[in-house]
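Let me begin by presenting the structure, written as structure tokens, before commenting on it.
The values are calculated or read from the model by the stated rules, or taken from the named source; none is laboratory data. Being a predicted model, the structure only gives us computed values, none of them experimental. Cβ placement follows ideal geometry from the backbone for every residue including glycine, while neighbour counts extend to all protein chains displayed. All accessible areas refer to the heavy atoms of the entire protein, side chains included, with ligands and DNA or RNA removed. Shrake-Rupley method; radii C 1.70, N 1.55, O 1.52, S 1.80 Å.
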Amino acid sequence: NTKDLGLVPWSLPDMTILGVSENSDKVNLFPNPSKDWVVVEWEGQENEEIQLHLVDIVGNSCWLKKVNQQVGLNQFKFSTEPLAPGMYFLGVQDRTIKLIVE
């Protein structure tokens, strides 16, 4: 009973916490730091369309790309020249990897 204590009931919102890594067993990003381009590599478990999502340090979406993933090793190369220097996060499947742009 929170009325007697002067407290207001509240609850935590549902949220998902993503692990962030330099490189993982599932995703590699190179060169990192980058000045002009980056290659992301990951192991695909199925032939399917997936999304790569790049966000800046404050969570603003920089771009979202749909790519056709194949079973096995996949690569996607993109330019970092339009990006301001700083830290970014690239989401690939269920992983998030840190990217530094110089």
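Can you say whether N60 is among the polar types (S, T, N, Q) and under 15 Å from L99 (Cβ atoms), as far as the supplied structure shows? Against the criterion (among the polar types (S, T, N, Q) and under 15 Å from L99 (Cβ atoms)), N60 qualifies.
What's the total number of residues in the stretch 35-57 that are within 17 Å of I100 (Cβ to Cβ) and not in a strand (DSSP E or B)? Going through the stretch 35-57 one residue at a time, the tally reaches 3. Summed over the stretch 64-91, the residues that are open to solvent by 50 Å² or more (accessible area, probe 1.4 Å) and farther than 19 Å from E102 by Cβ give a count of 8. Residues in the stretch 29-63 that are over 15 Å from F76 (Cα atoms), under 14 Å from the mean Cα position of the chain (by Cα) and open to solvent by 70 Å² or more (accessible area, probe 1.4 Å): I57, V58, N60, S61. Here L73, L99 are screened, and the one residue that is touching a residue at least 60 places away in the same chain (Cβ under 8 Å), closer than 16 Å to N28 by Cβ, touching a strand residue (DSSP E or B) at 6+ places or on another chain (Cβ under 9 Å) and not polar (S, T, N, Q) is L99.
Somewhere in the stretch 7-29, is a residue at pLDDT 90 or above, among the charged types (D, E, K, R) and under 29 Å from P85 (Cβ atoms)? Checking the stretch 7-29: not a single residue is at pLDDT 90 or above, among the charged types (D, E, K, R) and under 29 Å from P85 (Cβ atoms).
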